[in-house]
Amino acid sequence: MSIQQIAEAVERLEEDRAEALVKEALKEGANPWQVLREGIVKGIKAVGDKFGKGEYFLLELQEGADLAQRLVPLVMPHISKEEAKPKGTVVMATVRGDLHDIGKNLVTMQLSLNGYQVHDMGMDNPAMNIINKAKEVKADVIGLSALLLSTLPCQADVIKTLKDLGLRDRFRVIVGGGVTTQAWADEIGADGWGADAVQAVAVVDKLLGKGGSG
Ligand code: B1M
C-alpha cells in the first residue's frame with residue numbers, strides 16, 4: 001500500500017477504496033501529514049485538473065470535495081495537538097463569493113494544532129463581516145482564503161476597508177489559496193502569504209514573534 005494509491009483513489013472518486021486506504025495507511029503508521037498532503041490533497045488537486053480539462057464535470061468536482069471532507073477527519077486524530085496557552089487569535093475566512101473551504105479548513109486545523117485560537121467564519125464572507133468579527137474577538141491576525149480569480153479582489157477589499165476605517169494597524173492580514181502568490185500579497189499590502197497550511201503557521205508565528213511552528 002502506498003500513499004500514491006490514496007491520491008489515485010481520490011482522483012478516480014473511489015470513495016470506499018479511498019477511505020479504506022487512508023485507514024490502512026494510518027493503521028500501518030504512515031505520517032498523517034503525508035497522508036493528507038501527498039494522498040488526499042494531491043488527489044483533490046488532480047480532480048480539479050480533470051475538471052479544468054473538461055474530463056470531469058461539476059458533479060464530479062462536488063463529489064471530490066465531499067470525499068476530501070470525509071477523509072480529512074479520519075486523519076485529524078492522528079495529528080498531535082500542542083497543548084499550550086493560545087499563542088494568539090486568528091479570524092479565518094473564505095472571502096465573499098467563494099465557496100471553497102477545504103484549504104482554509106486545513107489552515108484552520110494547522111493553526112489550532114499549533115496553539116492558536118481560531119475563529120473560522122466559513123465561506124462567502126463580505127469584508128465588513130470579517131472585520132466586525134476580528135474586532136469582536138480582538139483578533140491578532142485576519143486570514144483570508146480565495147480560490148477563484150474572480151474572488152481575489154475581495155481579499156484586497158478587506159485590506160482597503162480596514163484602511164478606510166483606520167483599522168489597518170490593528171490587525172495583521174495574511175492571504176492564501178490556490179490562485180494567490182507572494183506577489184499578489186505584496187500588491188494588495190497584505191502582511192504575509194502562505195503557500196500551504198504549514199507555511200501559514202510559520203508566517204503567523206513570524207508576524208506575532210512566536211516560535212516553534214510544527
Ligand atoms: Co472549484 N475551482 N469551482 N469547486 N475547485 C477550482 C479552484 C479550479 C482551479 C478548478 C479548475 O478549473 N481547474 C477553478 C478555479 C479557476 C480560477 O478561477 N482560477 C474552480 C472553479 C472554476 C469553480 C466553479 C466556478 C465551477 C463552476 O461552478 N463552474 C465553482 C465556483 C463556486 C464558488 O466558489 N462560487 C466551483 C465550485 C467548487 C465546489 C463547490 C464543487 C468545490 C469546493 C467545495 C469546498 O471547498 N467545500 C470545488 C473544488 C473542490 C475545487 C478544486 C478541485 C479543489 C480545491 C481544493 O480544495 N484544493 C479546485 C482545483 C484545485 O485546487 N486544483 C477548484 C485543495 C486545497 C487543500 O488546496 O484550497 O489551494 P487550497 O489550499 C491550500 C493552499 O492554497 C493554502 O493552504 C491549503 C493547504 O495546503 N491556503 C492558504 C488556502 N487558504 C489559505 C489561507 C492562508 C494561507 C494558506 O492564509 C489565510
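Return the total of residues in the stretch 180-201 being surrounded by fewer than 16 Cβ atoms within 10 Å (Cβ to Cβ) and under 22 Å from G122 (Cα atoms).
3
Among the residues of the stretch 93-106, what is the count of those that are open to solvent by less than 10 Å² (accessible area, probe 1.4 Å), closer than 24 Å to K138 by Cα and near the ligand (Cβ under 6 Å from one of its atoms)?
Selection size over the stretch 93-106: 1.
Identify the single condition in (1) within 14 Å of the ligand (Cβ to nearest atom); (2) within 21 Å of the chain's Cα centre (by Cα); (3) at pLDDT 95 or above; (4) part of a helix (DSSP H, G or I) that V22 does not satisfy, given that it satisfies every other one.
Exception for V22: condition (1).
When you go through K45, K23, K27 one by one, which is the residue that is in contact (Cβ under 8 Å) with a residue 12 or more places away in the chain and open to solvent by 60 Å² or more (accessible area, probe 1.4 Å)?
On inspection, the qualifying residue turns out to be K23.
Hand me the list of helices (runs of 4 or more DSSP H) wholly inside the stretch 123-214 holding 1 or more residues that are out of contact with any Pro (no Cβ under 8 Å at 6 or more places or on another chain) and near the ligand (Cβ under 8 Å from one of its atoms).
197-208
The values are calculated or read from the model by the stated rules, or taken from the named source; none is laboratory data. Note that the coordinates shown come from a computational prediction; the quantities given were computed from them, not determined experimentally. Here the Cβ is made from the backbone with ideal geometry for all residues, glycine too, and neighbour counts use every protein chain on show. The protein model used for the area step is the full one, side chains on, heavy atoms only, and it has no ligands, DNA or RNA in it. Shrake-Rupley method; radii C 1.70, N 1.55, O 1.52, S 1.80 Å.
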